[in-house]
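What follows is calculated from the coordinates using simple rules that are stated; it is not laboratory data. The structure presented is a predicted model; accordingly, all values stated were derived computationally and were not measured. Cβ atoms come from the backbone with ideal geometry, glycine included; neighbour counts cover every protein chain shown.
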Amino acid sequence: MPTQLLSKIDELKDEAIQLHSKLVSIPAIGPDNNGDGEKAKADFLTEYLNENGFGEVKSYNAPDDRVECGYRPNLVTMIPGQDRSRTLWVISHMDVVPVGDLSLWTTDPFEMKLDGDAIYGRGVEDNHQGLVSSIIAAKALLKSGMTPGINLGLIFVADEETGSEYGLEYMLKEHENLFKKKDLFLVPDFGEPNSGIVEIAEKSTIWFKVTVEGKQCHASTPEQGINSLVAAAAMIVEVPELKHHFDEEDKLFSPPFSTFEPTKKEANVENVNTLPGKDVFYIDCRVLPNYDLSEVKEQVKGMGLYVAEEYGVKITVDIENESQAAPPTSVDSEIVEKVLFAVKEVYNVDAKPGGIGGGTVAAHLRERGYETVVWSTLLHQAHQPNEKGSIKNTLNDAKVMALLPF
Ligand SMILES: [Zn+2]
């Protein structure tokens, strides 16, 4: 193990804190969340990388009229390896989610607070940790003067929080020539506090919007109307039945089965003495990748027809969001082996390949046949008020990243 390289990373602790602090102070919120995008953060990072001896920093700008500058930046920089035909890519995202309810924060979300090893602020975990770790890993490499076995490529993408159309998906659609099938990909945007899960598979996701229409009337004369809430409730209690139709298990995942959960319920009538005539609720489904989502749609629509007939209401089932899972990255792939080895070296943990309920940018890569691992050491603070990160984890994750291209 190149111990000299790893101790260089420990020496960069203050640098990591400063970088974290600077990044928190530049909110990068996408226009879907009423923000002005990632330009300011990208400009800062470009300047920082230029001043710190990184080679060329290229910006791949996805046109987007909704932000003032007219584009969403995606940055790429690379440290050449001995074998320049292959690259280990570390992909993190610059955008953050909005603060949510500000009254739940005890500090200013856009001013980092340091407390021992803990740091607080919007984005410190999601995804500044991955971003800072990859920069620190690369900077330690540059300082050590060592040449990695293969290239180390860093990518900072836009738009991860709202679908990646202007981020990784744009890069893959318009600039796929940057990537080779034998390249290795690490996405440090999901992980356990004990570093123990190396994510290689995702479940498919489908969200249903169910609209139940009956007939509104005064609650004292229910016979003159049709109560949509009662019919909606009947359908809601049917939803868990889906588990019996889609009952396979896969130990790679936790939980190892598909899940079907009624979640959001829109408000109906404002007063207690009105019998509601319209109710809208939503179902979140996470389905093992071997099932075709069209089968799930068929089941939910069938359920709607059954309840509609039983209660004399009209039920419309719309799809709010749908994503069939990409083929998993193989347990035996080179990137999985490398990450498992490096995690053991740095954390002394026997990590396990696993699957999650879905939704990282890795799907865009796996869809196109790139072997991708999602891993980092995180405290499960993403999107929360008082989002908390760890400097120690930032540095140790940097060590794992620094070992990978060797
Ligand atoms: Zn993220």
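Numbers for the structure displayed
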{"read-out": "Per-residue ³J(HN,Hα) for the range 60-69, Karplus 6.51 cos²θ - 1.76 cosθ + 1.60, θ = phi - 60°, Hz, x for Gly and Pro", "value": "9, 9, 8, x, 7, 5, 6, 10, 4, 6"}
{"read-out": "Backbone HN-Hα couplings from phi across the range 393-401 [Karplus 6.51/-1.76/1.60, Hz, Gly and Pro as x]", "value": "5, 4, 6, 5, 4, 4, 5, 4, 4"}
{"read-out": "Value of [θ]222 nm, deg cm²/dmol, for the chain, DSSP H segments ≥ 4, -39500 (n - 2.57) each, nearest 500", "value": "-9500 deg cm²/dmol"}
{"read-out": "Helix axis angle, 13-24 relative to the chain longest principal axis, alpha carbon, degrees", "value": "40 degrees"}
{"read-out": "Stokes-Einstein D for the range 129-185, Kirkwood Rh over Cα pairs, 10 °C, 1.306 mPa s (µm²/s)", "value": "121 µm²/s"}
{"read-out": "Among His364, Gln82, Cys217 the positive-end extreme of the charge dipole of the chain (Cβ point charges)", "value": "Gln82"}
{"read-out": "Unit charges on C-beta of K, R, D, E only; dipole of the range 29-135, Debye", "value": "440 debye"}
{"read-out": "Asp14/Ser220 FRET efficiency (R0 56 Å; Cβ-Cβ; nearest 0.05)", "value": "0.20"}
{"read-out": "Percentage, to the nearest whole number, of Cα pairs in the range 267-345 over 13 Å apart", "value": "78 percent"}
{"read-out": "Compactness index (Cα Rg / 2.2 N^0.38 Å), the range 72-168", "value": "1.30"}
{"read-out": "Between helix 293-311 and the chain: long-axis angle, C-alpha atoms, 0 to 90°, nearest 10", "value": "20 degrees"}
{"read-out": "Rounded Å value of the spacing that divides the Cα centres of the range 285-337 and the range 100-115", "value": "37 Å"}
{"read-out": "Charged-residue dipole, Cβ positions (Lys, Arg, Asp, Glu), the range 116-179 about Cα centre, Debye nearest 20", "value": "500 debye"}
{"read-out": "Leu184 long-range amide H proximity, modeled H, under 5 Å", "value": "Thr87, Leu88, Trp89"}
{"read-out": "Environment charge of Val187, counting only residues whose C-beta is closer than 11 Å and scoring Lys/Arg +1, Asp/Glu -1", "value": "-2"}
{"read-out": "Charged-residue dipole, Cβ positions (Lys, Arg, Asp, Glu), the range 1-92 about Cα centre, Debye nearest 20", "value": "280 debye"}
{"read-out": "The range 361-401 shape via C-alpha gyration tensor axes, a/c threshold 1.5", "value": "oblate"}
{"read-out": "Contour excess over end-to-end distance, with Cα ends at Ser59 and Asp32 and 0.36 nm allotted per residue", "value": "7.6 nm"}
{"read-out": "Per-selection metrics, the range 132-280 (Cα): Rg and Dmax in Å", "value": "25.3, 83"}
{"read-out": "With Cα atoms, 0 to 90° folded angle of helix 39-51 axis to the chain main axis", "value": "20 degrees"}
{"read-out": "Set Lys22/Lys58; Lys22/Lys338; Lys13/Lys388; Lys22/Lys182; Lys113/Lys338 screened for pairs whose C-alpha atoms are more than 25 Å apart", "value": "Lys22/Lys338; Lys22/Lys182; Lys113/Lys338"}
